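The values are calculated or read from the model by the stated rules, or taken from the named source; none is laboratory data. Given the structure is predicted, the values throughout are model-derived calculations rather than measurements. We place every Cβ from the backbone using ideal geometry, glycine too, and count neighbours over all the protein chains shown. Areas reflect the complete protein model, heavy atoms only, side chains present, ligands, DNA and RNA absent. Shrake-Rupley method; radii C 1.70, N 1.55, O 1.52, S 1.80 Å.
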Amino acid sequence: MTTLFAPGLFTQPFMLNAFLSGTLVAAVSGLVGFFVVIRGSAFVAHALPRIGFAGAAGAVLVNINPMFGLVAFALAGAVTMGGLGKKGQHDVVIALTLVAGLGTGALFLKLSNTYAAGAYALLFGQLVGVSRAQLYTTIAIAAVCFVVVALLYRPLLFASVTRESAHARGVRVGAVDLLFLVVIGVATAITVPVVGALLSFSLMIGPPATAAHLTHRPGRAMALAAIISVITVWIALVLGYDTAWPIGFFVAALSAAFYGGAHLVSAVRRGGEAVSSL
Amino acid sequence: MSGTWHFILAPGFFANHEVVNALWVSTAIAIVSGLVGVFVIVRGQSFAGHALTDLGATGASGAVMLGANVWYGFLSFGLLAGAGMEGLGSRIRNRDVATGLVLSFAMGLGALFLYIDTQQANATVSMLVLFGSVFVFNPALTPLVIAVGMAALVLLAILYRPLLLSSVSPTLAEARGVPVRWVSMLFMFVMAAAVEDGALVLGALLSTALLIGPAATAVRLTARPGRALVWSAAVAVIATWAGIVCSYDSYYWPPYGRGWPVSFFIAVFVLLFYLAARFVPERSRAVERPSLQQEVKVP
Amino acid sequence: MDVIGQPVLQLHQISVRYGDRRILEDIDVDVFPGEFIGLIGPNGAGKTTLLRVILGMLAPSTGQVTLAGKPTRHGSQQIGYVPQKIHLEPDTPLRGRDLVGLGIDGHRWGMPLPNRSRRQKIDEALCAVNATRFADAPVGRLSGGEQQRLLIAQALLSDPKVMLLDEPLSNLDIRSAYEVVHLVSEVAKSRGIAVMMVAHDMNPLLPVMDKVVYIANGKAVTGRVEDVIRSEVLSTLYGYEVEVLRVRNRIIVVGGEGGEYGLLEPSDRSRCAGEEVAAP
Ligand SMILES: Nc1ncnc2c1ncn2[C@@H]1O[C@H](COP(=O)(O)OP(=O)(O)OP(=O)(O)O)[C@@H](O)[C@H]1O
Ligand SMILES: [Mg+2]
């Protein structure tokens, strides 16, 4: 037991910060991810935290709270994608916005002295990634995300599944798209300090895709996605504390494991259905 | 006169052996990426193309862990991942999420490998894998890298027509007897070869710049596949050269002696080209536009 | 059909131009309650454009659309819209009833609160389109015809006076096409909803269609099928010789030089001569 729950796991102040912010960002990721999966926006969810990473690197360079850089760049990335993506191919615009972000990130990293170690933490996440000040920012931003997702729920779902009908009914689909991009950007940005820029999208895809295998109801799928996501992060934090391996690795591996499990469950269930309906 | 010249090109540019080698290799890589990229755009596979390098990075960090050259890791994992995504994608059907899931898992592994690398060796290794630098490129590998690029081009030339047909209309291609599954699988390999080559110059994170940027520029300028290929390769080469020159020069820029990364400059030039192409008035290409999108019409 | 009273929807002198391209010119249509109207025309004729004008999503260059005497506005609940198709992955966590429910309040902010009357309304709409059987199945796994029924139920839920359907039959086989047409016609008649259905092939609509609006060349002819779908009328509309054949209760419009079936515009061979063909 002491090997799994090593001493200090729940008492170290930085672990407390990590658990608190980890729980919040995981829940937000699950909720937002539900829409990411429905809309097939995996690429956006993958790209925005990396663009945010560039901002964090820039913030480190000029010595301010990296969270500000993260959020600012992720926001700018989201708005750019929304603006440029209206005309022209979507995935191309995402890829190029990503390239712009990463290019700047590479520059900032090179210019600041934290080339390797600091960058590694930002890219792959770390336990001590969340300071007290960042925790407060995280809480505030997560709260905003919850509210916006709750407010957007119906029009976003409407616009995601029957876009033309939603438009005809007066949903401003363009505004909804943009707002959702912004939510993805902000939600992934606050995930970066814990899970890392390269892997924070795992939380937005894995748990919701897992939930989709287990239930067809949108409300339940959302709640389930949030729960799976939180559990994933908790386990990852515990294991990360025990092993000192990167949090991002555990998050990605657990997401994949849960997904595989759910895939099996639903396959077995469907097999059962097919048999019983014979 | 020589003042301006030196301003553009810092002294010793061509005298520097590494730089000249870098220039050669990256020219070849740029051409390959530019040409392959056009098909990536037509097929709408930007995400997959981007994912391949990320996956290659996992291989590269694994290679470092085993003491091998990153290049072998890049290539082997890129090819493997291409096969994996193609196989998984058509089974799960939801390709976007499938790509994301495979990517997420493999990158998690990559994170672990890099962690072990940084514990074992010096920490800059991981940054080299991710952000690359053509100046530290091992010249002994040049022939191999170029050979892989050429192999990709040959395969692309062979696949050209069935690939276009199955990109525009898979059903028609199938009806005509094109083995669509094989074609897309082989194209995955072509794409993997291109991006993993690109990763050597730009690093895993940014090789997407050369794959997507020039091609996206090209298809905005012309709708004819042939011309798009030429444009794309040209833009890729120019952006790469300009990037290398600027990066070399930047050793004389503040902060002195550290130099700005090549990948940054290449990304910047590629983006400038793309943005410029977006401002080309619609009308001048409106007439041509349909032919790339509707190359082959279903009867 | 004997129509009583005032038209519910009036299109008055509608013209749409994009730059100097005229898409629609001086379109006049009166739609009466309960009427079933087929909107027919070749590709690019402007059928979707006309629907967009009616929905208030596109402002016409000239003319006005009035609904029950008042100008229409974008987002009006009085007009139901059924899109052509939905693209959903088979694993999307969304049931038929969730999709339909969006028709009630999908445009409002916030989460839907489950309540009795909401549920009843949804059940009733599902029943009206015969979709109760698959109401709880994931939408992404349903067939095209089944999805189409759900979309119709969705449009019914805002209690519209007019329902617009843009090529709802294009992905359906002939049997399902007839089924959907009958369903729409029955539901609409029983509720006094006027229907405008866009279709390429007018044959599935023949049994129920009260009026046809035939659009071509930017202009439209409106009237009963017998009056509009005639060689003289369509020839005038197209500006070249078109022939209408009636074979065993089916109508076939033949046009241009020797088209075998359907409507072919006369091809302009001279334009192709010497034109470079893009290398494949
Ligand atoms: N935003 C736009 N700018 C310029 N032209 C447009 C625009 N939207 C539509 N058009 C043109 O208007 C014409 C009518 O288009 P519309 O979509 O209404 O045709 P349609 O009758 O619905 O055709 P289909 O049967 O193929 O659906 C087309 O020639 C189209 O190119
Ligand atoms: Mg149309």
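Applying the condition of being among the hydroxyl-bearing types (Ser, Thr, Tyr) and over 14 Å from C:Arg95 (Cα atoms) to segment A:211-236 and asking which residue is nearest to the chain's Cα centre (by Cα) yields A:Ser229.
Of all residues in segment B:160-179, those satisfying the criterion of being open to solvent by 30 Å² or more (accessible area, probe 1.4 Å) and either touching an Asp or Glu at 6+ places or on another chain (Cβ under 7 Å) or not in a helix (DSSP H, G or I) (or both) are B:Val168, B:Arg176, B:Gly177, B:Pro179.
For A:Ser165, the stated conditions hold: it is free of Cβ contacts under 8 Å to residues at least 60 places away in the same chain, open to solvent by less than 10 Å² (accessible area, probe 1.4 Å) and part of a helix (DSSP H, G or I). Considering each residue of segment C:105-114 in turn, at least one proves to be assigned to a helix (DSSP H, G or I) and either closer than 27 Å to A:Ala209 by Cα or acidic (Asp, Glu) (or both).
In this structure, is C:Pro93 buried (at least 21 other Cβ atoms within 10 Å of the Cβ) and more than 16 Å from ligand 2 (Cβ to nearest atom)?
Yes; evaluated as a whole, the condition is true for this residue.
A:Val130 meets all of the listed conditions (1) modelled with pLDDT of 90 or more; (2) within 28 Å of A:Ala252 (Cβ to Cβ) but one, namely (1).
Say whether the condition of being away from ligand 1 (no atom under 16 Å from the Cβ) and either touching a residue at least 24 places away in the same chain (Cβ under 8 Å) or at positive phi (or both) is met by at least one residue in segment C:81-88. Within segment C:81-88 (the criterion being away from ligand 1 (no atom under 16 Å from the Cβ) and either touching a residue at least 24 places away in the same chain (Cβ under 8 Å) or at positive phi (or both)), the answer is yes, since at least one residue qualifies.
Note on segment A:173-278: enclosed helices (runs of 4 or more DSSP H) holding 1 or more residues that are at pLDDT below 90 and either more than 14 Å from chain B (Cβ to nearest Cβ) or open to solvent by 40 Å² or more (accessible area, probe 1.4 Å) (or both) are A:173-195, A:218-243, A:247-276. Can you tell me which residue among A:Gly22, A:Gly83, A:Gly105, A:Gly58 is within 14 Å of chain B (Cβ to nearest Cβ), surrounded by 24 or more Cβ atoms within 10 Å (Cβ to Cβ) and either more than 17 Å from the chain's Cα centre (by Cα) or part of a helix (DSSP H, G or I) (or both)? Being within 14 Å of chain B (Cβ to nearest Cβ), surrounded by 24 or more Cβ atoms within 10 Å (Cβ to Cβ) and either more than 17 Å from the chain's Cα centre (by Cα) or part of a helix (DSSP H, G or I) (or both) holds for just one of A:Gly22, A:Gly83, A:Gly105, A:Gly58, which is A:Gly105.
Modelled with pLDDT under 85, more than 9 Å from chain A (Cβ to nearest Cβ) and buried (at least 24 other Cβ atoms within 10 Å of the Cβ): is that true of B:Val201 in this structure? It is true that B:Val201 is modelled with pLDDT under 85, more than 9 Å from chain A (Cβ to nearest Cβ) and buried (at least 24 other Cβ atoms within 10 Å of the Cβ).
Evaluated against (1) outside any strand (DSSP E or B); (2) open to solvent by less than 60 Å² (accessible area, probe 1.4 Å); (3) away from ligand 1 (no atom under 16 Å from the Cβ), C:Thr66 falls short on exactly one condition, (1). Out of the residues in segment C:180-204 that are more than 21 Å from C:Leu55 (Cβ to Cβ) and touching a Gly at 6+ places or on another chain (Cβ under 7 Å), which is farthest from ligand 1 (Cβ to nearest atom)? Among those that are more than 21 Å from C:Leu55 (Cβ to Cβ) and touching a Gly at 6+ places or on another chain (Cβ under 7 Å), it is C:Lys189.
For the criterion of being out of contact with any Cys (no Cβ under 9 Å at 6 or more places or on another chain), within 14 Å of chain C (Cβ to nearest Cβ) and either open to solvent by 30 Å² or more (accessible area, probe 1.4 Å) or not polar (S, T, N, Q) (or both), A:Val93 fails. May I ask you to list pairs of residues, at least six apart or on different chains, whose Cβ atoms are under 8 Å apart, with the first in segment C:123-144 being closer than 16 Å to C:Leu157 by Cβ and without any contact (Cβ under 8 Å) to a residue 40 or more places away in the chain and the second being open to solvent by 10 Å² or more (accessible area, probe 1.4 Å) and assigned to a loop (DSSP other than H, G, I, E, B)? Close Cβ pairs (under 8 Å, with a partner that is open to solvent by 10 Å² or more (accessible area, probe 1.4 Å) and assigned to a loop (DSSP other than H, G, I, E, B)) amount to C:Ala125/C:Leu157.
Is it the case that C:Ser76 is of a type outside the set (Val, Ile, Thr) and either buried (at least 16 other Cβ atoms within 10 Å of the Cβ) or away from ligand 1 (no atom under 13 Å from the Cβ) (or both)?
yes
Answer yes or no as to whether C:Met197 is closer than 26 Å to C:Ala45 by Cα, at pLDDT 90 or above and either surrounded by fewer than 18 Cβ atoms within 10 Å (Cβ to Cβ) or within 16 Å of ligand 2 (Cβ to nearest atom) (or both). It is true that C:Met197 is closer than 26 Å to C:Ala45 by Cα, at pLDDT 90 or above and either surrounded by fewer than 18 Cβ atoms within 10 Å (Cβ to Cβ) or within 16 Å of ligand 2 (Cβ to nearest atom) (or both).
For segment C:22-56, name all the residues that are open to solvent by 10 Å² or more (accessible area, probe 1.4 Å), part of a strand (DSSP E or B) and within 16 Å of ligand 2 (Cβ to nearest atom). Passing the criteria: only C:Ile23. For segment B:163-215, residues that are under 25 Å from A:Ala119 (Cα atoms) and of a type outside the set (A, V, I, L, M, F, W, C) total 6.
Working only within segment C:139-175, note down all residues that are more than 12 Å from chain A (Cβ to nearest Cβ), surrounded by fewer than 23 Cβ atoms within 10 Å (Cβ to Cβ) and not in a loop (DSSP other than H, G, I, E, B). Passing the criteria: C:Gly144, C:Gly145, C:Glu146, C:Ile174, C:Arg175.
Every residue in segment C:5-21 that is surrounded by fewer than 16 Cβ atoms within 10 Å (Cβ to Cβ) and either touching a helix residue (DSSP H, G or I) at 6+ places or on another chain (Cβ under 8 Å) or touching a residue at least 12 places away in the same chain (Cβ under 8 Å) (or both), please.
Correct list: C:Gly5, C:Gln6, C:His12, C:Gln13, C:Arg17.
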